[in-house]
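The values are calculated or read from the model by the stated rules, or taken from the named source; none is laboratory data. Note that the structure is a prediction, hence the values are computed from the model and not measured. Note: ideal-geometry Cβ built from the backbone for every residue, glycine included; neighbour counts use all protein chains shown. To get the accessible areas, we keep the full protein, side chains included, count just its heavy atoms, and leave off ligands, DNA and RNA. Shrake-Rupley method; radii C 1.70, N 1.55, O 1.52, S 1.80 Å.
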Protein chains: 2
Amino acid sequence: MKDVAAAAGVALKTVSRVVNDEPGVNPATAERVVAAIAQLGYRRNESARVLRRGRTATIGLVIEDVADPFYSGMSRAVEDVALRHGSLVLSGSSGEDPVRERELVLTFCARRVDGLIIVPAGTDHDYLLPELDAGIAAVFADRPGGLEADTVICDNAGGAHAGVGHLIRHGHRRIAFLGDSASIFTASERLRGYRRALAEAGLPADGSLIAMGPADRAGAALCAMLAAPDPPTAVFTGNGRITVAALRTGHRPALVGFDDFELADVLRPGVTVVAQSPDGLGRTAAEMLFRRLSGEPGPAERIQLPTRLIPRGSGEIPPP
Amino acid sequence: MKDVAAAAGVALKTVSRVVNDEPGVNPATAERVVAAIAQLGYRRNESARVLRRGRTATIGLVIEDVADPFYSGMSRAVEDVALRHGSLVLSGSSGEDPVRERELVLTFCARRVDGLIIVPAGTDHDYLLPELDAGIAAVFADRPGGLEADTVICDNAGGAHAGVGHLIRHGHRRIAFLGDSASIFTASERLRGYRRALAEAGLPADGSLIAMGPADRAGAALCAMLAAPDPPTAVFTGNGRITVAALRTGHRPALVGFDDFELADVLRPGVTVVAQSPDGLGRTAAEMLFRRLSGEPGPAERIQLPTRLIPRGSGEIPPP
DNA sequence: GGGCCGGTGGACAACGTTGTCATCCGGTCC
DNA sequence: GGACCGGATGACAACGTTGTCCACCGGCCC
């Protein structure tokens, strides 16, 4: 900028004015400056600008894994909203590890992101308090965090309730639940919905039909249940990865899965799912974040997005 | 930092030394400083640090669409490598639009990323020259860019050649090619491999069996070909999205697809694919970038990654 | 002609950090 | 006792921007 000023024969501040479209510059002078900028290939140094102004026009996004289609869809939505607000996105995958989540968040904060969208891996977010005090906005997405803050989640229990109810209406009485680790909020909520649906139908809750754990063990769990005496006639799977793991076993009991996924309609039979919208989740969270950044006051909000049951065949198979 | 210094009763510089683990600080003093830092909840301002030091420890990643599983896998690999090198990733989706690609890249440059990994949407990258001169490293991934720079791509022509050869060996003589728009490098390379395989087998090249265009039109194109007189007995699809579009038509001719995808093994028949590794692509590109950033000299390299044919059933269907 | 005004441009400090160099102090060596 | 040394600490400038405030100039009004 100094060089540009020298080349154009004006003061530093005048160049700054031109670069920022500030009023009070003679058009002729401005033109000289623009020419000098073009000639020298000058580009403003954002770091210095950030240092001076305080706002970085950057938000941080912490998800579990970008490579998971659910979160990558969410990422894309966040990115689009950020773009519309002139912001960039720093993103990182926590891999469901609270320590890594914390590290990522604090690194983002050190870079003075304006705001954060976090899919919490842990449950303790006290480490965020000083940052919130410092004026960084935060929105929890997909799961609630360990403190009062804006939160966008989907109707996990309601969705599971609807999915399991669908199987019950098709005559099933022994329905297995394959879910993610019980420590994960979405998993326990969905289990709650499953239990409520069974209870409302007057069906017994059989612990041997419930398996919670990482997706890569879900296949084996399903095989074990089906091999046991008095096996389930239907399965409710607690997320997209688990649904895929169940399908990969080759068994084809009646099945309803939480989360829609590509090719669910191409498989035979098509896979009936309770769909939530990764897109909607990301968009809603990002929009809420930017509302806060633009100064919207008020207590922490908690938005719950609806789910939608999509019958495709697998969930309509009657019990044998 | 000023406040910390005051609280600990030392000079600014001493705090800086402690924060950066520089030698030459009395352990007792250091302890006082650490205590003051903890008490005040101080965290270093990276913007100021960047301003002073010049390196941002941030790289920019421009891909086509994070929500595409291929690119999200690549993203994850880049992120992991960056993490190991203590860097963060700013990412953006170009949506195959050269203008947007350029905007993203220039925005990243204004933020003084240390380096860039670009999946080029356009073919003209002269706009990058001033940035490269300014010391920003750049690696093109998945496709070559419009200038001499490090590039990591996969063996597109070879992979297509292998896939089409596989169909030929299973007795097919009329093989359709469904590819992405011909203007996209990977698409035209794969078409080249297809043509070479046909030529080597002495098969005629029939233009009516070739359809190039966006994935959402591939289904209709396939239906039209199959409805024509003398339809193809096999199809080679030029990328993952097009493979899915073809499957969604419900027709099940012999098929080999470029790109592996989740559930390819669960469909019946399993889908035979020419797999490339989004992971390997991202990792290789990022590692090359960090080698350059750590000062490795030498001319621009071009790395080609191999592909792998995975037979699963759909590619082994004989002609009727 | 003096005072004032709006339009233009510049000087300077400040943002929070780090690199350079100077200072200070206690001890050691001749 | 003075020169010297090494370790610890600090003062200060600089990074590139922007906000604040002041200076200048030509014209206009009384």
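Selection of the stretch A:246-259 for residues being away from every other protein chain (no Cβ under 12 Å) and buried (at least 24 other Cβ atoms within 10 Å of the Cβ) yields A:A254, A:L255, A:V256, A:G257, A:F258, A:D259.
Which ones in the stretch A:98-108 are within 12 Å of another protein chain (Cβ to nearest Cβ) and open to solvent by less than 60 Å² (accessible area, probe 1.4 Å)? Answer for the stretch A:98-108, where residues must be within 12 Å of another protein chain (Cβ to nearest Cβ) and open to solvent by less than 60 Å² (accessible area, probe 1.4 Å): A:R100, A:L104, A:V105, A:L106, A:T107, A:F108. Beta carbons closer than 8 Å, at least 6 apart along the sequence or on distinct chains, pair a first residue in the stretch A:183-208 that is farther than 18 Å from A:N239 by Cα with a second that is open to solvent by 80 Å² or more (accessible area, probe 1.4 Å) and of a type in the set (D, E, K, R) for A:L203/A:R173; A:A205/A:R195.
Of the listed requirements (1) hydroxyl-bearing (S, T, Y); (2) within 17 Å of A:D142 (Cβ to Cβ); (3) away from every other protein chain (no Cβ under 14 Å), A:S294 misses just one: (2). Need a quick list: strands (runs of 3 or more DSSP E) entirely within the stretch B:131-191 having at least 1 residues that are among the aromatic types (F, W, Y). Ranges flagged: B:137-141, B:175-179.
Within the stretch B:180-189, can one find any residue that is farther than 27 Å from B:A300 by Cα, surrounded by fewer than 18 Cβ atoms within 10 Å (Cβ to Cβ) and either polar (S, T, N, Q) or outside the structural domain of B:T107 (by TED's automatic domain parsing) (or both)? Yes; the residues of the stretch B:180-189 include at least one that is farther than 27 Å from B:A300 by Cα, surrounded by fewer than 18 Cβ atoms within 10 Å (Cβ to Cβ) and either polar (S, T, N, Q) or outside the structural domain of B:T107 (by TED's automatic domain parsing) (or both).
Here is the figure for the stretch B:260-285: residues that are touching a His at 6+ places or on another chain (Cβ under 9 Å) and either within 14 Å of chain A (Cβ to nearest Cβ) or closer than 22 Å to A:T249 by Cβ (or both) total 1. Here B:L226, B:L203 are screened, and the one residue that is more than 26 Å from the chain's Cα centre (by Cα), within 16 Å of B:H166 (Cβ to Cβ) and open to solvent by 10 Å² or more (accessible area, probe 1.4 Å) is B:L203.
Contact annotation: residue pairs with Cβ atoms under 8 Å, 6 or more positions apart or on different chains, pairing a residue in the stretch A:239-258 that is closer than 23 Å to A:G158 by Cβ with a partner that is part of a strand (DSSP E or B) and open to solvent by 20 Å² or more (accessible area, probe 1.4 Å), are A:V256/A:L309. Against the criterion of being within 27 Å of B:A48 (Cβ to Cβ), within 11 Å of another protein chain (Cβ to nearest Cβ) and of a type in the set (K, R), A:R111 qualifies. Do we find a residue being without any contact (Cβ under 8 Å) to a residue 40 or more places away in the chain, surrounded by fewer than 18 Cβ atoms within 10 Å (Cβ to Cβ) and closer than 26 Å to A:V113 by Cβ anywhere in the stretch B:133-140? Yes, the stretch B:133-140 has at least one match. Would you say B:G165 is outside the structural domain of B:R100 (by TED's automatic domain parsing), open to solvent by less than 20 Å² (accessible area, probe 1.4 Å) and farther than 21 Å from B:E64 by Cβ? Considered against the rule, which asks whether it is outside the structural domain of B:R100 (by TED's automatic domain parsing), open to solvent by less than 20 Å² (accessible area, probe 1.4 Å) and farther than 21 Å from B:E64 by Cβ, B:G165 comes out as yes. Can we say A:D97 is of a type in the set (D, E), touching a Ser or Thr at 6+ places or on another chain (Cβ under 9 Å), within 30 Å of B:G280 (Cβ to Cβ) and more than 14 Å from DNA strand D (Cβ to nearest atom)? For A:D97, the condition - of a type in the set (D, E), touching a Ser or Thr at 6+ places or on another chain (Cβ under 9 Å), within 30 Å of B:G280 (Cβ to Cβ) and more than 14 Å from DNA strand D (Cβ to nearest atom) - is not met.
Filtered by the rule that a residue be assigned to a helix (DSSP H, G or I), polar (S, T, N, Q) and open to solvent by 40 Å² or more (accessible area, probe 1.4 Å), the stretch B:30-48 gives a lone residue, B:Q39. Would you check if there is a residue in the stretch A:134-157 being within 14 Å of chain B (Cβ to nearest Cβ) and not aliphatic (A, V, I, L, M)? Yes: one or more hits. Listed by first and then second residue, the pairs linking a residue in the stretch B:43-69 that is without any contact (Cβ under 8 Å) to a residue 40 or more places away in the chain to a residue that is near DNA strand D (Cβ under 9 Å from one of its atoms), with Cβ atoms under 7 Å apart and 6 or more places separating them unless they lie on different chains, are B:S47/A:S47; B:S47/A:V50; B:S47/A:L51; B:A48/A:L51; B:L51/A:S47; B:L51/A:A48; B:L51/A:L51. The set of residues in the stretch A:268-283 that are open to solvent by less than 30 Å² (accessible area, probe 1.4 Å) and more than 17 Å from B:P69 (Cβ to Cβ) comprises A:G270, A:V271, A:T272, A:V273, A:V274, A:A275, A:Q276, A:G280, A:L281. Pairing residues of the stretch B:9-37 that are more than 14 Å from B:R49 (Cβ to Cβ) and within 14 Å of another protein chain (Cβ to nearest Cβ) with residues that are outside any loop (DSSP other than H, G, I, E, B) and near DNA strand D (Cβ under 10 Å from one of its atoms), at Cβ distances under 9 Å and at least 6 apart in sequence or on separate chains, gives B:I37/B:A8; B:I37/B:V15; B:I37/B:V18. When each of B:V62, B:V66, B:V78, B:V25 is tested for being in a loop (DSSP other than H, G, I, E, B), within 30 Å of A:D68 (Cα to Cα) and not polar (S, T, N, Q), the lone residue that passes is B:V66. Select from the stretch B:51-64 the residues that are crowded, with 18+ Cβ neighbours inside 10 Å and more than 9 Å from DNA strand D (Cβ to nearest atom) and list them in ascending order. The answer is B:T56, B:A57, B:T58, B:I59, B:G60, B:L61, B:V62, B:I63, B:E64. Step by step: first the residues of the stretch A:118-132, then only those that are surrounded by 20 or more Cβ atoms within 10 Å (Cβ to Cβ) and within 14 Å of chain B (Cβ to nearest Cβ), then the one that is farthest from the chain's Cα centre (by Cα). Which residue is that? Selected residue: A:E131.
Restricting the search to the stretch A:221-245, which residues are assigned to a strand (DSSP E or B) and within 14 Å of chain B (Cβ to nearest Cβ)? Matches in the stretch A:221-245: A:T237 only. Specify the residue that is nearest to DNA strand C (Cβ to nearest atom); the eligible residues are those in the stretch B:41-82 that are out of contact with any Leu (no Cβ under 9 Å at 6 or more places or on another chain), at the interface with another protein chain (Cβ under 9 Å from one of its Cβ atoms) and of a type in the set (A, V, I, L, M). Among those that are out of contact with any Leu (no Cβ under 9 Å at 6 or more places or on another chain), at the interface with another protein chain (Cβ under 9 Å from one of its Cβ atoms) and of a type in the set (A, V, I, L, M), it is B:V66.
When B:L88 is tested against the conditions (1) aliphatic (A, V, I, L, M); (2) open to solvent by less than 20 Å² (accessible area, probe 1.4 Å); (3) under 14 Å from the mean Cα position of the chain (by Cα), the lone failure is (3).
Among the residues of the stretch B:196-218, those identified as out of contact with any His (no Cβ under 9 Å at 6 or more places or on another chain) and either among the acidic types (D, E) or part of a helix (DSSP H, G or I) (or both) are B:L198, B:A199, B:D206, B:G207, B:S208, B:L209, B:A215, B:D216, B:R217, B:A218. Could you tell me whether the stretch B:150-172 includes any residue that is modelled with pLDDT of 95 or more and closer than 18 Å to B:D97 by Cα? Looking through the stretch B:150-172, none of the residues is modelled with pLDDT of 95 or more and closer than 18 Å to B:D97 by Cα. For the stretch B:1-29, the set of residues classified as near DNA strand D (Cβ under 7 Å from one of its atoms) and open to solvent by less than 50 Å² (accessible area, probe 1.4 Å) consists of B:V10, B:T14, B:V25, B:T29, listed by residue number. For B:R102, are the conditions met, namely being at pLDDT below 90 and within 35 Å of the chain's Cα centre (by Cα)? Judged against the criteria, B:R102 is not a match.
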